[in-house]
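I have placed the structure first, in the form of C-alpha cells, so that the comments after it can refer back to it.
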C-alpha cells in the first residue's frame, strides 16, 4: 500500500462481515433440497446485481444507516418547512421577544430581540442550507465528472494541460477566494451562492474520475466497444461513466457536507445568502451580539449544522465502503 | 536534488503568472470598484477622477493588468482605492500577527495529532482509539466559526462567574500588561485552539492510517522478531516512516489555515490578515483585496514547493528527474 490518505472510517465499529445464507424467499426458483445441497458443498450461487451487493454492504454499516435515518428526517423538515414551522421566519412579535426555549407558544428554540421565533427560523434555515448544498453537489459533480472523463479518456497532452489547471485551482486558498468572489458579486441568492461554490469544488472528483478512466481505458470491454466502432461519446457515457458511479456518488455525498460548512461560513461573515432569506450561518451571526445572555440562539442553528454534517459524513463513509471499497477519503 | 529545486522554482513562475491573472480577472469582472465610492457623498468628482487615473480604469483590461503587476513590484501594490493608505505596510503588519497565529496552531495540531495518531494506531480498537475517532468526526463537522463562538461563550462566562482570567476572548494584547509574553499567550490561546482543532482531527486520522500501514509492514515484523523493544520499534522503525507523508500534508495545509484565519480573526478581533481582508471586502476596496490574494497565493505556492523538496529529501524512493 502506498496510499497514505487519511481515512476516517475504515475501523469504525461495524457488524462482522459474515455472508449470511440466502433466505429461501430470495431464491424462489431453487427448491429447498437443492439449496441445502449447495450449502453442504459450500457453494452459494445466488445471482445478485452490483446494486444489491452494495445495498447489503451499506445496511451492514449500522452507524451509516442510523445517520441516514436522521438525515432523512432533517431533509423532510426542510422540505415541509411551511407545515412544520409554527411561525414564519420573518414574523416579528415584539411582545414575545427574548424568550428562552419553551414549549409555551411553541418557541422551542426561544426568540430573538425582535421577537422572531428561532425554531421556525432554524427550520427554514435547514431548507436554504440543504438546497444550496444539494445544488453544489449536483453542479460540481457534473463539472468534475465531465472534466475528469475528458482528461482521463483522451490522455496525452490534453490530460496534461487539464490536470495542470486542476493543480492550479487546488493551490488557491479556496475559502479566501470564495469569500472574495461572493462578497464582490454581492446579492447572494441561494442559487448564486451555490453556483459560486460549485465552480471551486469540482477538482477532487475530476482527479478521481481521471484516475479511474486512465485504468478503465485499458479494460477489454472498452477495447471491444472501440473495435465495434462505438463513438468516444458513447464509450464515455455508456461504458466508462457507469463504471465510475461508486466514486461519483461517494464524492457527491462528501461535497454536500463541505458545501454546508462553507455556505454557513460565508453566510456567517455576511457574504453568503442574504437576508431576509434565512440561512443557518446567518442565524448564528444574527444571534452573536446576544450570545452571552441568550446562548441558545447560537446553539440551535450551530448544533443543527454539526448534526447534519456529522450524519452526511457517516453516510458518505458507509457509501464508500459499499460502493467503492478501494477508495480512501481525501478531504478538501 | 538541486536541479529538481531549480526546475520546481521555474515551474512556479508560470503558475504565479496565471494565478495573478486569474485573481485580477475574477476581481475585475465581479463589479465596478467605483460603485461604492460613488455612493459616498463626501467623495468629490475630482477624487474619483484621480482614482480612475491612478488605477488606469479607462484603459483596456490587459493594460490594467500590466499596470497592476508593475505596481506590485515597484510600488508594493500601490494604495487603497481612495489613495489614503499604502497597502504594503498594512499587510506587513497584519501578516506578522497572522503568521504567529497560524504557526502556533500548526505546531499545536502537529504535536497533538502525532501523539493521538500513534497511540490510536498502536492500540487499535481500544477505548482511546474510539474516543479519538469520535472527536475527530466531531472536529470535521463543527464549523470553525461555531467552535470559536462556543469557546468565547465558555471563557467569558468563566471569567464573569469566577473573576479569574485564564484566556482573553478578544484582541491581541491588553494595555499595561506586566509580562508581554504571557499576555500574548493568553490572547492567542483561544484563536490557536480554534484553528488547531480541524488540523488535529485531520492529521490524527492521517498519522493513524499511515502508522497502521507501517506497523503491518515486513521490516517492522522483522524488528519485532529480532527482539527490539516495543518502544524502539514504534519510535525508531515505524514512526519515522509513517511521518513522511505527514510532512507534505502539513505544508499543504497552510492555504486552509489562511482561510480559517479569516473567520477566527474576525471573531476574536485580531488585527491580522483575515480581518484586514473582511474589512476591505465590506468597503469593496478591491486593491488591498487583490494584494491579499496574491501574497497569500505566493505563500501557499512556496509551501507547496517546500513540501515537495522535503518529501524528496526524506523519502529516497522518490526520485525526481
> Quick check: anything in region A:291-305 under 26 Å from residue B:155 (Cα atoms), in contact (Cβ under 8 Å) with a residue 60 or more places away in the chain and facing chain B (nearest Cβ under 9 Å)?
Replying inline: yes
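Considering only residues of region A:268-287 that are over 16 Å from residue A:123 (Cβ atoms) and touching a helix residue (DSSP H, G or I) at 6+ places or on another chain (Cβ under 7 Å), which is surrounded by the fewest Cβ atoms within 10 Å (Cβ to Cβ)?
Result: A:275.
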> Quick check: anything in region A:65-85 over 30 Å from residue A:242 (Cβ atoms), at pLDDT 50 or above and part of a loop (DSSP other than H, G, I, E, B)?
Replying inline: yes
> In this structure, does residue B:299 turn out to be without any contact (Cβ under 8 Å) to a residue 60 or more places away in the chain, more than 7 Å from chain A (Cβ to nearest Cβ) and closer than 21 Å to residue B:73 by Cα?
Replying inline: yes
> In this structure, is residue A:108 closer than 23 Å to residue A:289 by Cα and without any contact (Cβ under 8 Å) to a residue 12 or more places away in the chain?
Replying inline: yes
> Residues of region B:279-304 being assigned to a loop (DSSP other than H, G, I, E, B) and closer than 17 Å to residue B:19 by Cβ, which ones?
Replying inline: none
> Does residue B:50 satisfy the condition of being within 14 Å of chain A (Cβ to nearest Cβ) and either at pLDDT below 85 or under 30 Å from residue B:215 (Cβ atoms) (or both)?
Replying inline: no
> Do you know which residues across region B:188-197 are out of contact with any helix residue (DSSP H, G or I) (no Cβ under 6 Å at 6 or more places or on another chain) and either crowded, with 24+ Cβ neighbours inside 10 Å or not in a helix (DSSP H, G or I) (or both)?
Replying inline: none
> If you go through region A:82-89 one residue at a time, do you hit one that is within 30 Å of residue A:287 (Cα to Cα), touching a residue at least 60 places away in the same chain (Cβ under 8 Å), surrounded by 19 or more Cβ atoms within 10 Å (Cβ to Cβ) and in contact with a helix residue (DSSP H, G or I) (Cβ under 9 Å, 6 or more places away or on another chain)?
Replying inline: yes
>> Of the residues B:307, B:238, B:251, only one is assigned to a helix (DSSP H, G or I) and within 28 Å of residue B:184 (Cα to Cα); which?
In response: B:251
> Mind checking whether some residue in region B:306-313 is crowded, with 18+ Cβ neighbours inside 10 Å and at the interface with chain A (Cβ under 8 Å from one of its Cβ atoms)?
Replying inline: no
> Can you list the helices (runs of 4 or more DSSP H) found entirely within region B:71-178 that contain at least 2 residues being away from every other protein chain (no Cβ under 14 Å) and more than 30 Å from residue A:255 (Cα to Cα)?
Replying inline: B:87-122
>> Of all residues being at positive phi and part of a helix (DSSP H, G or I) in region A:88-141, which is nearest to the chain's Cα centre (by Cα)? Just the residue, please.
In response: A:106
>> So in region B:179-206, with the set limited to residues that are at pLDDT 80 or above and over 20 Å from the mean Cα position of the chain (by Cα), which one is nearest to the other protein chains (Cβ to nearest Cβ)?
In response: B:186
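The values are calculated or read from the model by the stated rules, or taken from the named source; none is laboratory data. These numbers come from a predicted model, not from an experiment. Note that each Cβ is placed from the backbone with ideal geometry, even for glycine, and that neighbours are counted across all protein chains shown.
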